[in-house]
Amino acid sequence: MTTASDYERVLLVKPEVHVFRIPPRTTNRGYRAADWKLDSPDWISRMKVMAIGKECFICIEDKNSGELFAKAPIPSYPGEAVESVLDSSRYFVIRIEDESGKKAFIGIGFQDRADSFDFNVALQDHFKHLKQEQQFEAESKKLDTGPKLDLGFKEGQTITINIGKKDGASKPRSRPTGAAASGGQPPLLLPPPGVKPLGLPPQAASQEAPAAAFNQSSSGGPDLFGASSQPFNNPSQPAPAFSAPPQNQAQQGGASDWGDFTSAKSSSNNSSNNWVQF
């Protein structure tokens, strides 16, 4: 049954359909299109397949004016309302019905097989959709009539949720091990007992050499810079004492005009002996 909220849908339109008056069926097997006058159809009309709500029907209309000639309600498909012939896929027998309830059978045919295929698909899709709707309605009724699951709290019922530690202490991070702890280098393994270690690897030895040289110079080893490497303002060491030159050296310096330069040269030669030869 249709209601006021149902809308009309056009499922298929074919502008040219041949209509035939057919003889009564002689056997229960079905109709044959070879018994019709296929070369001279009784009428050439336009066909529409319409749907309003759950009802589906075929309208045979005038090709030019669109006036309704016959209407065939289709309660189900396949069924008695629409039946295909035995000897062709392009011809069908439909049951038309007027307003007074009188029924009659007429034959319709399509010139192209693609048109008859579209006619079949339009009817099949409509009733397939109706079947799915009925299944959904039946399932929804079962859910409504079945026992409902009550997930609400009863009176006085409580729950406890453990969120985490209240002191806020975080989990200590684990220390990296293996290659991550040694800066991307594989860790050094201890030698087996009774074997003398060979020392650091070449890369580690090259990194330790500058540091060893610096420690040796700072701890009183060979001084690469001579007296100039000693700090000038070290309060723990006494200041160097400057003594006056001997009297004879002063007299020699005064006797010659080049005495001062000679003494300076000799002193510079003496101080150069303190430098380390590279």
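The values are calculated or read from the model by the stated rules, or taken from the named source; none is laboratory data. Predicted model, so just to flag it, every value in this text is computed and none were measured. Using ideal geometry, Cβ is built from the backbone for each residue, glycine included, and neighbour counts are taken over all protein chains shown. Side chains are part of the model used for accessible areas, which takes the heavy atoms of the whole protein and leaves out ligands, DNA and RNA. Shrake-Rupley method; radii C 1.70, N 1.55, O 1.52, S 1.80 Å.
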Q | Accessible area (Å², 1.4 Å probe, nearest 10) - residue 77 | A | 50
(Q) Once you place label points 7 Å from the Cα toward the Cβ at residue 135 and residue 6, how far apart are they in nm? (A) 2.2
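Using Cα-Cα distances under 8 Å and only pairs 6 or more residues apart, what relative contact order does region 1-160 have, in percent?
Details: 248 pairs, mean separation 31.3, N = 160.
RCO, region 1-160: 20 percent.
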Q) In terms of solvent-accessible area of protein heavy atoms at a 1.4 angstrom probe, what is the ranking of 74, 161, 96, 44, highest value first? A) 161, 44, 96, 74
(Q) At 7 Å along Cα-to-Cβ for each site, give me the label-to-label distance between residue 39 and residue 63 in nm. (A) 1.9
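How about region 74-157: which trypsin sites (Lys or Arg not before Pro) there are in a DSSP loop, with at most 11 other Cβ atoms within 10 Å of their Cβ?
On the way: sites: 90, 95, 102, 103, 113, 128, 131, 141, 142, 148, 154; in loops: 90, 102, 148, 154.
Taking region 74-157 and a limit of 11 other Cβ atoms within 10 Å, the loop trypsin sites (Lys or Arg not before Pro) found are 102, 148, 154.
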Q.
Quick query: amide H of residue 88 versus all other amide H atoms, modeled in the peptide plane; which residues come in under 5 Å with a sequence gap of 5 or more or a different chain?
A. 33
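Pairs to check: 14/102; 71/102; 37/63. Give those whose C-alpha atoms are more than 18 Å from each other in this structure. If you can, show how the numbers build up before the last one.
Details: 14/102 26 Å; 71/102 11 Å; 37/63 21 Å.
Going by Cα-Cα distance, 14/102; 37/63 fall outside the 18 Å limit.
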Q | Solvent accessible area, Å² - residue 117, 1.4 Å probe, full protein context | A | 130
